[in-house]
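*Asks:* Quick one: this structure, given as structure tokens, is what I'll be asking you about.
The values are calculated or read from the model by the stated rules, or taken from the named source; none is laboratory data. If you're wondering where the values come from, they're calculated on a predicted model, not measured in any experiment. Here Cβ is always computed from backbone atoms with ideal geometry, including for glycine, and neighbour counts include all displayed protein chains.
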Amino acid sequence: MKKTALLLLPLAVLASGCGTTNNYLANKSSTIEMYHIFDVKTSAPTAAIARAASDGLGRNTNSVNTNMPLQIGVEVPAKPGRFTITDLGAKLGNTGMGQLMQIASMQNGGSGMKMANCEGAAWTARAVRNISGSNSLTLHACLYKYRQGYHLDTYAVFQKTEGGLEQISRDLAHKLVGTPEEWVNKTIRDMVRSVETVAGAKATHVEGMPELGPEPAIAQLGR
């Protein structure tokens, strides 16, 4: 009886306003692109920094794919490189593959087939965090070595599903363990914190948008 009452309570509250109820239960999907660049001044070897970044990504994602290309004869530059964004769907245009990508983009909330281009980076990674029926995160990371240390460039596409009767259970979960947005913030910051530990230096946030907000309260208690 008590469990039934708890489940019916949110519906009773929603029923108090028809317009509010419809807006709450309407199926919605949203896509947010974000990027953040961090600077770490250190003499730590590239392999150690890359391993730390990979370990940090693995704490909050379902899968991590990394690549460390050979850079034979490449001089360490005075200034770090910088990532660019490649939209594969736009490049392929009206070709058959391009049209398929546009269809997939609309089905996935309009994110397109965008990815970070890490040309010249000493290490790259693509990590995915996916919670079925709730949200997904695809995060690209590029590590650029320069004379004073490293730049860690991150580019992410975050997609969120809302609405339907499932939204009630989502809201309850968010109150218990944190919102999807807070976990995106934690994913990025955990990677940076892992790098800081190995580098023996604090990272400086160079630029980025949107602003990195709070992390889940439950995660902060764990630290």
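*Asks:* Could you count how many residues in the range 164-176 are under 22 Å from the mean Cα position of the chain (by Cα) and not charged (D, E, K, R)?
*Replies:* The number of residues fulfilling the criteria is 4.
*Asks:* Another one. Test each condition in (1) farther than 29 Å from V74 by Cβ; (2) buried (at least 17 other Cβ atoms within 10 Å of the Cβ); (3) of a type in the set (S, T, Y) for S194 and report the one that comes out false.
*Replies:* (1)
*Asks:* Among the residues of the range 185-194, what is the count of those that are more than 19 Å from T66 (Cα to Cα) and either in contact with a helix residue (DSSP H, G or I) (Cβ under 7 Å, 6 or more places away or on another chain) or among the aliphatic types (A, V, I, L, M) (or both)?
*Replies:* Qualifying residue count for the region: 1.
*Asks:* So which residues in the range 143-163 are more than 22 Å from the chain's Cα centre (by Cα) and assigned to a strand (DSSP E or B), if there are any at all?
*Replies:* Scanning the range 143-163 gives K145, Y146, G149.
*Asks:* Would you point out the residue of the range 95-139, among those that are surrounded by 15 or more Cβ atoms within 10 Å (Cβ to Cβ) and either of a type in the set (F, W, Y) or in a helix (DSSP H, G or I) (or both), that is modelled with the highest pLDDT?
*Replies:* Per the stated criteria, the residue is W123.
*Asks:* I've got another one for you. State which residue is nearest to Y155 (Cα to Cα) when the search covers only the range 212-223 and only residues that are without any contact (Cβ under 8 Å) to a residue 60 or more places away in the chain and touching a helix residue (DSSP H, G or I) at 6+ places or on another chain (Cβ under 7 Å).
*Replies:* Out of the qualifying residues, it is G213.
*Asks:* Is it the case that the range 170-190 has a residue that's of a type in the set (F, W, Y) and touching a strand residue (DSSP E or B) at 6+ places or on another chain (Cβ under 6 Å)?
*Replies:* Checking the range 170-190: not a single residue is of a type in the set (F, W, Y) and touching a strand residue (DSSP E or B) at 6+ places or on another chain (Cβ under 6 Å).
*Asks:* Only one of these conditions is not met by M209: (1) in contact (Cβ under 8 Å) with a residue 60 or more places away in the chain; (2) touching a Pro at 6+ places or on another chain (Cβ under 7 Å). Which number is it?
*Replies:* Failing condition for M209: (2).
Yes or no, residue by residue, for (1) surrounded by fewer than 17 Cβ atoms within 10 Å (Cβ to Cβ); (2) part of a helix (DSSP H, G or I):
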| site | (1), (2) |
| --- | --- |
| A48 | yes, yes |
| V64 | no, no |
| P69 | yes, no |
| V74 | yes, no |
| P77 | yes, no |
| I85 | yes, no |
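*Asks:* Also, I was wondering about something else. Go over the candidates V198, V206, V192 one by one and state the one that is farther than 19 Å from K160 by Cβ, in a helix (DSSP H, G or I), aliphatic (A, V, I, L, M) and more than 17 Å from the chain's Cα centre (by Cα).
*Replies:* V198
*Asks:* Tell me, please, whether a residue that is polar (S, T, N, Q) and within 23 Å of I37 (Cα to Cα) can be found in the range 137-153.
*Replies:* Within the range 137-153 (the criterion being polar (S, T, N, Q) and within 23 Å of I37 (Cα to Cα)), the answer is yes, since at least one residue qualifies.
*Asks:* What is the residue count in the range 13-45 for residues that are aromatic (F, W, Y) and modelled with pLDDT under 85?
*Replies:* Count: 1.
*Asks:* Another one. Looking only at the range 35-60, which residues are more than 19 Å from A78 (Cβ to Cβ) and in contact with a strand residue (DSSP E or B) (Cβ under 8 Å, 6 or more places away or on another chain)?
*Replies:* Y35, H36, A50, A53, S54, L57, G58, N60
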